[in-house]
2 protein chains.
Amino acid sequence: MATNHKKAILLIIDGLGDLPTPKTPLQLARKPNLDRLAKNGMTGLLAPVKRYVVPGSDTSHLEILGYDPAIFYHGRGPLEALGLGMDMRNGDIAFRANFATVKNGRVVDRRAGRIDTKTATAISKNLSMKIEDVQLEFRNSVEHRGALVLHGPGLSHNVCETDPHDIGPLHECHPLDSSREAAKTARIINRFTELSSGILSAAPENAKRDKPANVLLLRGAGYYAPVPSFTERFGIEAACVAGGALYKGIARYLAMDVVIVPGATGDRNTNLKAKAQAAAKALGDYDVVFMHVKACDSAGHDGDAEGKRKMIERIDAEAVPILEKSGAYLVITGDHSTPCCRKGHSGHEVPILVYGKDERTDSVVKFDEISCAEGGLGHIRGKDIIYLLLNLIEKAQKYGS
Amino acid sequence: MATNHKKAILLIIDGLGDLPTPKTPLQLARKPNLDRLAKNGMTGLLAPVKRYVVPGSDTSHLEILGYDPAIFYHGRGPLEALGLGMDMRNGDIAFRANFATVKNGRVVDRRAGRIDTKTATAISKNLSMKIEDVQLEFRNSVEHRGALVLHGPGLSHNVCETDPHDIGPLHECHPLDSSREAAKTARIINRFTELSSGILSAAPENAKRDKPANVLLLRGAGYYAPVPSFTERFGIEAACVAGGALYKGIARYLAMDVVIVPGATGDRNTNLKAKAQAAAKALGDYDVVFMHVKACDSAGHDGDAEGKRKMIERIDAEAVPILEKSGAYLVITGDHSTPCCRKGHSGHEVPILVYGKDERTDSVVKFDEISCAEGGLGHIRGKDIIYLLLNLIEKAQKYGS
């Protein structure tokens, strides 16, 4: 498709980087397509935020998409809520929410016995309510997960979480500063916890459950403030293809269009072919398509090196050939490392490759953490990526004349 | 010349970097001298401003010479005017100017049939004038080019250009903000356009021209404010050897001495031997000599890869041996890439080499975009160059004690 020669696809493989124990999943994976792109393109290592700083997925994506998180990151909750399609207005507060099981004031299961999505949807019906002058909206997503939005005047995100992050006593919500706004928000959250627990306890779906979903744990408080759109800031049109709510939420936050792909789940069963096809198709309407694949990060968190390797092989076999055939410039990297031996994010850099017509090449022939350290891109930073993309597709504004 | 062992020459080859289609002009050029310096020196890639940001020649040179353009760049016009030897005082405004042909209010030739310098000089005689309390000075340079300076109180550079940048209606000058200064400047520019067009139309030299030079198109508005001199800021004496007005203007702006070299034209016929000899000679009086060669950039803008290769070969054969023989440290790079396949500036890095007595070396043996990506300097930034120079010649101020 020669028409895509001034377009680009940014593929972010979440948690891609790893540590050699004694080989990384990327080193072990059979991935002839990624290796060929590395061989015919430029490679390097990406420090998503700053070198050795351990990024969250939220801050890392903002940085990579050209939005300095020091300015534009206001907490995880609003991004999750936006990703679930919830509306947010200036000054609204949002939390991530978990259905959990509480007994005598103690959380005994943080996931309510891994409640299924259908049951969670059924019991979520009556959880939106008005408290004082604040309208609260709850929406569930996958399994035990969801988001809570507070619409109303005089709110603050500077309150503590009710989620104990482990089994143990349910936390009360306290204000974290002496403002009226924080006091009001904490009061409303505590009242919501009380009222929603009552509604949930009475739900017929919970009657037969060994671990009833009888409380919503709240965490990741943040506030929403509108930001200049991606198009406004960079002069190009962009679309997002993702399964996970956070990534769709980040796209909505930046006023990118989100392409809905049936079968894009954000887990290891996601339909990679459908996502890649949707990304390639979106090039007809957009300058840059941001495609996100989540499951490598989840495997890293689970310490599942074998699962991570298999997911890389699936991406290589099912998505990469479609992206390559699109004719667009390709930038392929991750948002951070999630080493399986650590079961969490780390500050190690992530391999990156840039491939496309007439672009420079280097002598690296494999796409992995060790090989790409010798690549011609050297060590690049998340905030460089937006300029890299603009330069590839010749949409950069010249600085000076 | 052992006396030059604590001196340095900074050679900027404008628009040097390119893209492999399938080889870059630098890769294709026969350039034994540059390759030998690369082999016996250190190499790397330079991001003149920030990685992948597309620089103008003006901002890039300011950055490389240690003047952050975010602070010290006030538009292209004043730098061009200074380069033509025009005086500028605090608060003055300047534009770049083009002789053009206008017919019924439409620009039909942006270069007035590529008017020759002699004719342009003849018709430029009466174009300086006073309007209200503002003195306007025009000076022509090469062919259709020139600069206009406005001396006077209460002016602003925040006005639009009259140059349509293509054939089409001549633009009126509008203020770009609601200040009295912008309104006054726009009014004066429109009056100048009217008066100068009248004078030009009546010029006898235009009578016999098929495409009369009957209007001056203005662009690149900027204001002049004095800046601390290069010597004041860095404690060393520097001179400039250049053909193009912009580069001489930047040097004057920073209060560097400009060495006038007969035959230094800023085009592909420039006398490279004379320039290199002048640079080597200037080492007797200065710590650092900044030498600029323009024609590779012009070839890139023209999409002329063959011309770019030939110019690189001329620099290698005619200038580099003289610079090497001077005994000074050499820093050789470009101010940005101008890929022939793009016919304009790009954000791709530029190869750089550093060569001199007792300096470190790396394993790179060729001076080109691909080889230097593996060089020991790694990826360096324009703003690092001034410290590199100061360090080479042992004139750096220690930071701390």
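The values are calculated or read from the model by the stated rules, or taken from the named source; none is laboratory data. Bear in mind that the values here come from a model prediction, so they are computed numbers and not experimental data. All Cβ positions, even for glycine, are placed from backbone atoms using ideal geometry, and neighbour counts span all protein chains on display. Ligands, DNA and RNA are stripped out before the accessible areas are found, and what is left, the full protein with its side chains, is counted by its heavy atoms. Shrake-Rupley method; radii C 1.70, N 1.55, O 1.52, S 1.80 Å.
Across the range B:124-242, Cα-Cα distances exceeding 24 Å account for 37% of all pairs. Normalising the Debye intensity of the range B:37-101 to I(0), with uniform scatterers on Cα atoms only, and taking log10 at q = 0.17 Å⁻¹ returns -0.75.
Given 0.36 nm per residue, what is the gain on full extension from A:CYS341 to A:VAL227 after removing their alpha carbon distance, in nm?
Extra length from A:CYS341 to A:VAL227 when fully extended: 37.3 nm.
Find the Rg to Rh ratio for the range B:1-156, where Rh is the Kirkwood radius over alpha-carbon pairs and Rg uses the same atoms. So for the range B:1-156, dividing Rg by the Kirkwood Rh gives 1.07. Taking only the Cα atoms of the range A:325-401, the radius of gyration and Dmax are 14.5, 50 Å. Within 10 Å of the Cβ of each residue in B:44-55, the mean number of Cβ atoms contributed by other protein chains is 5.
Here is the list for the range B:298-401: chymotrypsin sites (Phe, Trp or Tyr not before Pro) lying in DSSP coil, each with at most 14 other C-beta atoms within 10 angstrom of its C-beta, are B:TYR399.
Ranked by the mean number of other Cβ atoms within 10 Å of their residues, highest first, the peptides B:278-284, B:162-168 come out as B:278-284, B:162-168. Once you reduce the range A:150-209 and the range A:253-270 to the center of their Cα atoms, the two points are 29 Å from each other.
Length gained on full extension, A:GLU143 to A:ALA70: 23.1 nm, using 0.36 nm per residue less the C-alpha separation.
Radius of gyration (Cα atoms) of the protein assembly as shown, expressed as a multiple of 2.2 N^0.38 Å: 1.12. Placing unit charges on each Cβ (+1 for Lys and Arg, -1 for Asp and Glu) gives the range B:86-209 a dipole about its Cα centre, and among B:LEU150, B:ALA122, B:LEU170 the Cα reaching farthest toward its positive end belongs to B:ALA122.
Given in Å, the Rg to one decimal and the Dmax to the nearest whole number for the Cα atoms of chain B are 21.9, 71.
Kindly flag which residue pairs out of A:LYS39/A:LYS395; A:LYS6/A:LYS308; A:LYS6/A:LYS310; B:LYS7/B:LYS118 have an alpha-carbon separation exceeding 29 Å in this structure. Beyond 29 Å between Cα atoms: A:LYS6/A:LYS308; A:LYS6/A:LYS310; B:LYS7/B:LYS118.
Note that the range B:268-321 shows a convex hull volume over its alpha carbon atoms of 66 Å³ per residue.
Full extension of the segment from A:ARG36 to A:GLU172, taken as 0.36 nm per residue of separation minus the current Cα-Cα distance, would add 43.5 nm.
A DSSP coil position with no more than 13 other Cβ atoms inside 10 Å describes the following trypsin sites (Lys or Arg not before Pro) in the range B:306-401: B:LYS343, B:LYS357, B:ARG360, B:LYS398.
Note on the range A:55-145: semi-axes of the ellipsoid equivalent to its C-alpha gyration tensor, largest first and rounded to whole Å, are 27, 18, 13. Roughly what % of Cα-Cα distances in the range B:99-193 sit above 19 Å, to the whole percent? Distances greater than 19 Å cover 47 percent of the Cα pairs. Counting protein heavy atoms only, the range A:118-199 has 50 percent of its accessible area on carbon and sulfur, 1.4 angstrom probe. Chain pair B, A: how much accessible area is buried, both chains summed, with a 1.4 Å probe, in Å² to 100? Heavy-atom accessible area buried at this interface is about 2200 Å². Take the Cα of A:THR265, step 7 Å along the line toward its Cβ, and report every residue of the range A:4-20 whose backbone nitrogen sits under 20 Å from that point. Output list for this probe position: A:13-15. Only protein atoms count toward the accessible area here, which uses a 1.4 Å probe; on the range A:10-56, the carbon and sulfur part of that area reaches 57 percent.
Mean partner shielding of peptide A:390-398, defined as the number of other chain Cβ atoms within 10 Å of each residue Cβ, is 5. Applying Stokes-Einstein at 37 °C and 0.692 mPa s to the Kirkwood radius of the range B:1-89, computed over alpha-carbon pairs, gives a translational diffusion coefficient of 201 µm² s⁻¹. Taking all protein chains into account, the per residue accessible area for the protein assembly as shown stands at 40 Å² (1.4 Å probe).
Computed over protein heavy atoms with a 1.4 Å probe, the carbon and sulfur contribution to the accessible area of the range B:253-401 reaches 47%. If you bin all the Cα-Cα distances of the range B:157-223 at 10 Å, starting from zero, the percentages per bin are 21, 44, 27, 8, 1.
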